[in-house]
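Here is the structure we will look at.
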Amino acid sequence: MSEFAFELELCAHLETRCEGVVARQLGASVADPGGRILDVVCVEPGPKFDERPQLTSAAIPDTAIESAVGPGRARYWKDAFDCHPDRARRATERALEIGFFESQLRNGREYVRQVARYPDWYGRIRGIENKPDLGRPGDLESQLRTDVSLALVDEVVLATESYVTRAHLNRIPDEVGVWRVHRESADADPSVTASALEVEIEVVREAEPLPVDRPGVEPLEANPGRTDVEIVDADDKARTRRRLAERAYGKGWRTFGLPACGNCQLGDDAPSSEVTLPYCDWAGRVVDAGSECGPACPAHEPGDETDVDLEAERERRTPWIADPAGKRRRQSGLDQFW
Ligand code: SF4
């Protein structure tokens, strides 16, 4: 049972159900350093969701959003940040690079402003912990307890392929929802092809809403007889939620490689409406090209990587726009504005 295949197939399925953004493997700690990584994040649309894709395809740095750089009058960049100048400079350059800021030199100084007001684009955030096999739970209990006590996301769900018993339910916090995921994968039926991978979700237990607007407790390090924790205030949580939503928007879930192998031939005759997963005909399942594929694999057939544009696919199937026209005004427009 491959956790990687489980995760990608679940993401592909959720993308058809979620009107917002689906992403995978995102940091979800407020404390620094914090080690919590959420397997899957679903960000539901907020009231101005439609405005976010028009801004930029990338994650907008939080330092740039928080700065005093607004969409109105341009400001000298150094005057607009309440942080170390190096950090301010990095945020400014990144915001310019991705098209969130625009700039102009005046008397040898760089003035910046936002191309548009940062929109209220995200709503509820759901975090999903994947544990296809509950017989190998690893740190599952402590991870879910962390998510509940921190309450950074609006709800937390455990997704598994295992049959879920009452004993399993008793071991995890009541607030955590539980999904049993049924995959019609080639593990069970070798005649199933990549294009026919199907997922169904059986809700074993509904998730309870978490108090995202209140302070949370983030466990840091467990020592014998004692766990160090950090109390996280609501403002820090709000900032981290925004950062999480931005990273989800910028990253999405198609962060996988496609095997350069004759046993993974995708896209050639698949309808464009279908989702691309790194499916191996020999293994009969989705594979992780980074860790499973190469000359060490006994069935490796050297070939070219499948020519599939995953960004184009994301754009076609979701509200994300790869290269938005942008709102950068022409230079003459800037002059007029000032
Ligand atoms: S290298 Fe092996 S696992 Fe990877 S696609 Fe080829 S046959 Fe499949």
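For region 1-41, which residues satisfy the criterion of being part of a helix (DSSP H, G or I) and hydrophobic (A, V, I, L, M, F, W, C)? The answer is Phe4, Ala5, Phe6, Leu8, Leu10, Cys11, Ala12, Leu14.
Counting only residues that are aliphatic (A, V, I, L, M), touching an Asp or Glu at 6+ places or on another chain (Cβ under 7 Å) and in a helix (DSSP H, G or I), region 47-95 holds 0 of them.
The requirement of being out of contact with any Pro (no Cβ under 9 Å at 6 or more places or on another chain) and among the charged types (D, E, K, R) is satisfied by Glu129.
Residue by residue through region 96-116, note down the ones that are assigned to a loop (DSSP other than H, G, I, E, B) and within 23 Å of the chain's Cα centre (by Cα).
We begin by selecting, within region 96-116, every residue assigned to a loop (DSSP other than H, G, I, E, B); these are 98-100, 107-108, 115-116.
Hits for region 96-116 are Ile98, Gly99, Phe100.
Within region 291-305, being within 7 Å of the ligand (Cβ to nearest atom) and not acidic (Asp, Glu) holds for Cys293, Gly294, Cys297, Ala299, His300. The residue that is nearest to Val153 (Cα to Cα), among those in region 230-269 that are β-branched (Val, Ile, Thr) and out of contact with any Pro (no Cβ under 8 Å at 6 or more places or on another chain), is Thr240.
For the criterion of being away from the ligand (no atom under 16 Å from the Cβ), assigned to a helix (DSSP H, G or I) and either within 28 Å of Leu150 (Cβ to Cβ) or without any contact (Cβ under 8 Å) to a residue 40 or more places away in the chain (or both), Ala245 passes.
Taking region 65-95 as the range and being surrounded by fewer than 15 Cβ atoms within 10 Å (Cβ to Cβ) and either among the small types (Gly, Ala, Ser) or on the phi > 0 side of the Ramachandran plot (or both) as the test, the residues that pass are Ala68, Gly70, Gly72. Within region 278-306, residues that are closer than 24 Å to Trp253 by Cβ and among the aliphatic types (A, V, I, L, M) sit with their Cβ atoms under 7 Å from residues that are assigned to a strand (DSSP E or B) and near the ligand (Cβ under 6 Å from one of its atoms), at 6+ positions apart or across chains, in these pairs: Val287/Cys280.
Quick check on my filter: what residues within region 14-34 are buried (at least 18 other Cβ atoms within 10 Å of the Cβ) and at pLDDT below 95?
Within region 14-34, Ala28, Ser29, Val30, Ala31, Gly34 qualify.
When region 212-236 is examined, which residues are found to be part of a loop (DSSP other than H, G, I, E, B) and exposed (fewer than 14 other Cβ atoms within 10 Å of the Cβ)? Scanning region 212-236 gives Asp213, Arg214, Pro224, Gly225, Asp233.
Residue count for region 89-144 under the criterion of being modelled with pLDDT under 95, closer than 30 Å to Glu218 by Cβ and among the polar types (S, T, N, Q): the result is 2.
The values are calculated or read from the model by the stated rules, or taken from the named source; none is laboratory data. The structure presented is a predicted model; accordingly, all values stated were derived computationally and were not measured. All Cβ positions, glycine included, derive from the backbone under ideal geometry; neighbour counts span all protein chains shown.
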